[in-house]
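Below: one structure, written as structure tokens.
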Amino acid sequence: MPVLSASEARFEYTVDVVVIGAGACGLTAALAAKEAGAEVLVLERDTKPTGSTSLSTGLIPAAGTKLQKSLGIDDSPELLAGDILAKAKQQTDAAIVRMVAEASGPTVDWLAEVHGVAFKLVEGFLYPGHSVLRMHGTPNRTGTELQGALLAAADRRQIDLVTGARATDLYATADGRVTAVRYARPDGTLETVGLKALALACCGFGGNKEMVRELIPEIADAEYWGHAGNQGDAIAWGRELGAAMADLGSYQGHGAVATPYGNPMNWGLLMPGGFQVNALGQRFSNEVRGYSEQAVDTIAQPGRFAWNIYDEVREKPILGFTDYDQVAALGGIRKAPTIRALAQMIGVPADALEATVAEVGELCAGRGEDRFGRDFRGKEPLRAPFCAVKVTGALFHTQGGLVIDTATRVLRPDGSAFPNLFAGGGAARGMSGPSRWGYFSGGGLLSAVTQGRSAGTRAAQIARGSN
Ligand SMILES: Cc1cc2nc3c(=O)[nH]c(=O)nc-3n(C[C@H](O)[C@H](O)[C@H](O)COP(=O)(O)OP(=O)(O)OC[C@H]3O[C@@H](n4cnc5c(N)ncnc54)[C@H](O)[C@@H]3O)c2cc1C
């Protein structure tokens, strides 16, 4: 991923704004840049743009949206920012969090009203760390649907999207101004395009096993469920350019990916009183801290798996989520009239599972303290029929990346900004702080769409000389 001297670049045409990567961040950046009057070119390495965005559940938290207001939900950027900072134990850039929180409502409204993304609010339970209902998703709650809606919007705006175009090299002047990008076509030919501003939207390094092993060894042996093409290219260019980077050991894990199906099981099964047990029928953690930190706890169990234990009351709000419905259709959701029968069905010791359920029942009634620190008080104890799904832990995407300012400009270690280089989404430092425990539910797409919109708008302004 070299950065070459601008004097070596040979190209026949120049566009205002080049965006590298066609996931949620890149497509949002392209829509915003076009809206701001720029000529935009998106380069995407895959022949069919999917990204981690397509693999996700497609849920975006946002505060103060018209949808929330129509349902009488009182939310604000301050409340959202407070929730994100609390999850990250204040160990992230508060200015970026505030910028993202303030942009969240207007960005989701803009995607809905201007670009036709059909959001609905997820109701029935709160995600870990969320004070109010604020998860916005497309009707089937899939990332494929969100990605499809963004691609359709880009198509309607006649945005030039070159697929099968892996950006390999940047050309830059000595003062860090990027002047061109070289990209490889599937047949190996190289093409170069000149540019006035560049937005890096090529996500993190989850698909690069060596980088994950070097930077986040604790999760290197877990399965990676994000996009394989996310190879850390933004970080490699950043290193060559001398950009600042932060939180490279941080990531979004998930502690309940249905196995062997590969679908993330919604945390709404656990938040209202469901829990996880290992193959011995024993709980092993506070499940509601968050799904990211749960990944390492789940894979630390015998056989590297666990069971989500819940009932049809907790299942009801999750029916209709495609990820869940698919596992159910494939027979992955086990149901039984008694805990003993469920234990026999899933092959865990019945006495142990009965004891665990009884213990949780006591905690729900306010008797005793949970040894893992979870507060069950006021939750309904599980009731028949009982349900179980086998799960494992996984790496979803990396959270470390290029340090940006609130205008999404890539920064140097001394805090100065590169003149025409922007980054967002998984290419930039996330809002999770330094480790696995700081990931705020939905923080990935929230960063992608808000920072993408900002990066596209600012890049267009720089390119057109109006900044
Ligand atoms: C299973 C799963 C569930 C998730 N659920 C949620 C959720 O519900 N809510 C949420 O907020 N987040 C969720 N996430 C995280 C979310 O998917 C990511 O945070 C988000 O998609 C990042 O968007 P992005 O545009 O930065 O990256 P991506 O969507 O990954 O797009 C990056 C694109 O860049 C392309 N690219 C990479 N390198 C190059 C190159 N050199 N040249 C050209 N193109 C390149 C890639 O091919 C890719 O298409 C989930 C992730 C996973 C894996």
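Any read-out appearing in this document is the output of simple, stated calculations on the displayed coordinates, not a laboratory observation. No experiment lies behind these values; they were computed from the predicted model shown. Don't worry about glycine lacking a Cβ; one is built from the backbone with ideal geometry, like all the others, and counts go over all protein chains shown.
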| So, by mean Cβ neighbours within 10 angstrom, what's the order for 217-226, 292-301 with the highest one leading? | 292-301, 217-226
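Give me S52, S416 ranked fewest to most by other Cβ atoms within 10 Å of their Cβ, as a rough exposure proxy. Before the final figure, lay out the partial values.
Numbers: S52 29, S416 12.
Result, fewest neighbours first: S416, S52.
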| request: Give me K87, K335, K48 ranked fewest to most by other Cβ atoms within 10 Å of their Cβ, as a rough exposure proxy. | output: K48, K335, K87
| Okay, which of the range 317-348 sit inside 18 Å, backbone N to the point 7 Å along the Cα-Cβ direction of A358? | 338-344, 348
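I need the calculated FRET efficiency for the pair N140 and A350, taking r as the beta carbon distance and R₀ as 45 Å, to the nearest 0.05.
Working: r = 37 Å, r/R0 = 0.82.
Computed FRET efficiency for N140 and A350: 0.75.
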| field | Estimated FRET transfer efficiency when R0 is 22 angstrom, pair V132-R377 (beta carbons, to 0.05) | value | 0.60
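What is the fewest-to-most order of T173, T189 by other Cβ atoms lying within 10 Å of their Cβ?
Details: T173 12, T189 8.
Result, fewest neighbours first: T189, T173.
Given a Förster distance of 45 Å, report the FRET efficiency between E312 and A95 from their Cβ-Cβ distance, rounded to the nearest 0.05. Walk me through the numbers before you get to the answer.
Values: r = 45 Å, r/R0 = 1.00.
Efficiency, rounded to the nearest 0.05: 0.50.
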| note | Violations at 31 Å Cα threshold for listed pairs K66/K316; K87/K209; K87/K316; K34/K66; K87/K379; K209/K335 -> K209/K335
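When every alpha-carbon pair in the range 252-395 is counted, what percent end up more than 20 Å apart?
41
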| request: Over the alpha-carbon set of the chain, work out the extent along each principal axis and list the three values in angstrom, largest first. | output: 73, 46, 41
